[in-house]
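Have a look at the structure below before the remarks.
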Amino acid sequence: MTITQLRYIVALDQFKSFAKAAEHCLVAQPTLSLQIQKVEQELGFDLFDRRKNPIITTKLGKEVVEQAKSTLKEADKLFEIAGQWKDEPAGNISLGIIPTVSNYLIPSIYKKLQSEFPKVNFRISELPTLTIIEKLESEEIDLGILATPLKISNVVELPLYYEPFVVYYPKDAKEKSTSVSMKHIEKYPLLVLGEEHCFRHQSLKICNRNALAKIESGSVETLKRMVDMGIGVTLLPKLAVDKVSERIVPFQSPEPAREISMVYKKGFYKTKILNKLSNLILNVIPKEYHKKEKFKVIGVSIGQD
């Protein structure tokens, strides 16, 4: 029984499909199927019930899968130790990032990930906060990048930077202020992201509004288009704004901001990758956002992105 075979078993248990498991493992489906059959022959019993759709892991199979996960975790530690000696990080990293951060961060760092981590296989997913936490708990992902503080007992938070909120006005807005307070935007309908996004709830906290906004959307780009149509105003993450415009106005000091952190489950051991990745991210974030002293950090509610 090999490490590769164990990875195939865990993948099939996770995806309940030979095709999806093979795609995840970057191998041909017949190869994955054959290797799993070899393990079953070696053990003397079936790990999966192939008559079901989706495939079901058998009772004995579940025990094998759990042991395989533990074995793979220990094997990954060996690769990490080897990487430390070689002075070059190696291994696999699954990274979950909330959408309101990934839309600007991933394009900024993706090529650098490939050049700075040639022996690390990164798998990056855009996920809401609650899903990231759930996947950290189940060890389906290694790291998350999201808004904090979360204050979850077994999750470690490593603050990276502090991102201010800005106001995005319609084209015909008469505002001429270089910074805004609540009185400047109260007369406009507020457009916000949907319920699953923590950026929405932070926006409502800033604006002291309990009522539902006029428009709720799943993406920042849709909100911006709605504002362009003159329907209302919206709040945006500063780093998601890709151009200077008189319609994009900061708040008065102290500016409301969100804390963006790297999070991981206690016991995470790939510290060399963690530290190097954190530095890589900070290198693309303006230094003025590295410290929180001048900002008013807006809290996060668990259950949203």
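Side notes on the structure shown:
- A Gaussian network model of the chain, with springs between Cα atoms under 10 Å, assigns the largest mean-square fluctuation among Tyr169, Tyr110, Tyr269 to Tyr110.
- Legend: residue pairs Lys16/Lys238; Lys151/Lys276; Lys77/Lys291, Cα-Cα distance threshold 30 Å; pairs beyond threshold, Lys16/Lys238; Lys77/Lys291.
- Pairs beyond 18 Å (Cα-Cα), from Lys73/Lys265; Lys69/Lys265; Lys272/Lys292; Lys119/Lys270: Lys272/Lys292
- Estimated 222 nm signal from helices in the chain, with DSSP H stretches of n ≥ 4 weighted -39500 (n - 2.57), rounded to 500: -13000 deg cm²/dmol
- Least to most buried among His201, His290 (fewest other Cβ within 10 Å first): His290, His201
- For Thr57, the amide hydrogen comes within under 5 Å of the amide hydrogens of Asp49, counting only partners 5 or more places away or on other chains and with H modelled in the peptide plane.
- Length-normalised contact order of the chain in % [C-alpha pairs under 8 Å, at least 6 apart]: 22 percent
- Directionally averaged shadow of the chain, computed from the convex hull of its alpha-carbon atoms, nm²: 18.5 nm²
- Unit charges on C-beta of K, R, D, E only; dipole of the stretch 3-79, Debye: 200 debye
- Using θ = phi - 60° and Karplus 6.51 cos²θ - 1.76 cosθ + 1.60, couplings along the stretch 259-265 (whole Hz; Gly, Pro as x): 8, 9, 10, 8, 10, 7, 6
- Of all aspartates and glutamates in the structure, those lying under 19 Å Cα to Cα from Lys38, and not within fewer than 8 positions of it along the same chain, are Asp13, Asp46, Asp49, Glu63, Glu66.
- For the chain, a simple Cβ point-charge model (Lys and Arg +1, Asp and Glu -1, everything else neutral) yields a dipole of about 640 debye relative to the Cα centre.
Here, each number is a calculation from the coordinates, and none is a lab measurement. Since this is a predicted model, take the numbers as computed values, not measurements. Quick reminder, even Gly has a Cβ in these numbers, built from the backbone with ideal geometry, and neighbours come from all protein chains shown.
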